[in-house]
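*Asks:* Can you read through this structure? Questions will come right after.
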Amino acid sequence: QQKVQQSPESLSVPEGGMASLNCTSSDRNFQYFWWYRQHSGEGPKALMSIFSDGDKKEGRFTAHLNKASLHVSLHIRDSQPSDSALYFCAASEGTGYQNFYFGKGTSLTVIP
Amino acid sequence: AQTIHQWPVAEIKAVGSPLSLGCTIKGKSSPNLYWYWQATGGTLQQLFYSITVGQVESVVQLNLSASRPKDDQFILSTEKLLLSHSGFYLCAWSPNWGSSAETLYFGSGTRLTVL
């Protein structure tokens, strides 16, 4: 059973547009969430973490966490072709050794 | 700054042949180390983790084994490859502070093709 679900599976946005990615967890023990980005042929790179309810903004990227509904979202403002990649949501309980659970990913294509 | 190096970058191997993949983490003492497997375009499946030298825990059974011979080195191996072993293998590390959530950092991966 997948503990972290992501939607949509794929997404296309025009250059300069807004991309919105969603992630929902089924495990209320999860307290810590991350967004990772993976370009083709490379390892995933951490974009941002979010541990508290509300918004967290880093440049063009804004993450939102609602722990009550176990929902995390990522919004990419002014999308660029270089943002085209596979985006993963990850969650953990965050105590001691950490078992990270990843979603299946959202493939984002930014159309020039 | 911490760096993680994986080797080799890619491998093409025959079914039934042995395999050894490795990674080295520099600039961080006593990290947690992980091996992940990823099918093409797929999710990340954790295979093994290690919190100290000589100690490795298996998360899933895939006819693979892992070892941590040094604090900064993590090895993934098997004596007999299967077709299902094809994929992208990623080594990762996180700080071993034990008291709060820490980010997982990935290497650049090894692309394995089993024929």
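The values are calculated or read from the model by the stated rules, or taken from the named source; none is laboratory data. Nothing here was measured: the structure is a model prediction, and the numbers come from that model. FYI the Cβ positions are ideal-geometry reconstructions off the backbone, even for glycines, and counts take in every protein chain you see. In case anyone asks, the SASA skips ligands and DNA or RNA and just uses the protein heavy atoms, side chains included. Shrake-Rupley method; radii C 1.70, N 1.55, O 1.52, S 1.80 Å.
*Asks:* Please work out if residue A:51 is within 11 Å of chain B (Cβ to nearest Cβ) and over 21 Å from residue B:36 (Cβ atoms).
*Replies:* It is true that residue A:51 is within 11 Å of chain B (Cβ to nearest Cβ) and over 21 Å from residue B:36 (Cβ atoms).
*Asks:* Of all residues in the range A:30-58 being more than 25 Å from residue A:109 (Cβ to Cβ) and of a type in the set (A, V, I, L, M, F, W, C), which is surrounded by the fewest Cβ atoms within 10 Å (Cβ to Cβ)?
*Replies:* Going through the qualifying residues, I end up with A:51.
*Asks:* Pairs needed: first member in the range B:25-43, part of a strand (DSSP E or B); second member anywhere, polar (S, T, N, Q); C-beta distance under 6 Å; at least 6 residues apart or different chains.
*Replies:* B:26/B:3; B:32/B:94; B:32/B:96; B:33/B:50; B:36/B:46; B:37/B:45
*Asks:* Follow-up. Residues that are open to solvent by 20 Å² or more (accessible area, probe 1.4 Å): find the strands (runs of 3 or more DSSP E) completely inside the range B:46-115 holding 1 or more of those.
*Replies:* So the answer is B:55-58, B:65-70, B:73-78, B:110-114.
*Asks:* A follow-up question, please. Whether any residue in the range B:103-112 is under 18 Å from residue B:7 (Cα atoms), in contact (Cβ under 8 Å) with a residue 40 or more places away in the chain and charged (D, E, K, R) is what I want to check.
*Replies:* yes
*Asks:* Does residue A:86 qualify as being open to solvent by less than 10 Å² (accessible area, probe 1.4 Å) and either free of Cβ contacts under 8 Å to residues at least 60 places away in the same chain or more than 13 Å from chain B (Cβ to nearest Cβ) (or both)?
*Replies:* No: the conditions fail for residue A:86.
*Asks:* Among the residues of the range A:59-83 satisfying the criterion of being in a strand (DSSP E or B) and hydrophobic (A, V, I, L, M, F, W, C), which is surrounded by the most Cβ atoms within 10 Å (Cβ to Cβ)?
*Replies:* Ranking the candidates gives A:72 first.
*Asks:* Could you please find all residues in the range B:1-10 being surrounded by fewer than 18 Cβ atoms within 10 Å (Cβ to Cβ) and either under 16 Å from residue B:49 (Cα atoms) or not aliphatic (A, V, I, L, M) (or both)?
*Replies:* If the condition is that a residue be surrounded by fewer than 18 Cβ atoms within 10 Å (Cβ to Cβ) and either under 16 Å from residue B:49 (Cα atoms) or not aliphatic (A, V, I, L, M) (or both), then B:2, B:3, B:5, B:7, B:8 are the ones that fit.
*Asks:* Can you pull out the residues in the range B:57-115 that are farther than 16 Å from residue B:45 by Cβ and of a type in the set (D, E, K, R)?
*Replies:* Correct list: B:68, B:70, B:71, B:72, B:79, B:80, B:102.
*Asks:* Among (1) within 12 Å of chain B (Cβ to nearest Cβ); (2) closer than 20 Å to residue A:17 by Cα; (3) surrounded by fewer than 17 Cβ atoms within 10 Å (Cβ to Cβ), which single condition is residue A:106 missing?
*Replies:* Single failed check for residue A:106: (3).
*Asks:* Next question, about the same structure. Only one of A:84, A:107, A:69, A:92 is under 30 Å from residue B:56 (Cβ atoms) and either touching a strand residue (DSSP E or B) at 6+ places or on another chain (Cβ under 8 Å) or polar (S, T, N, Q) (or both). Can you tell me which?
*Replies:* A:92
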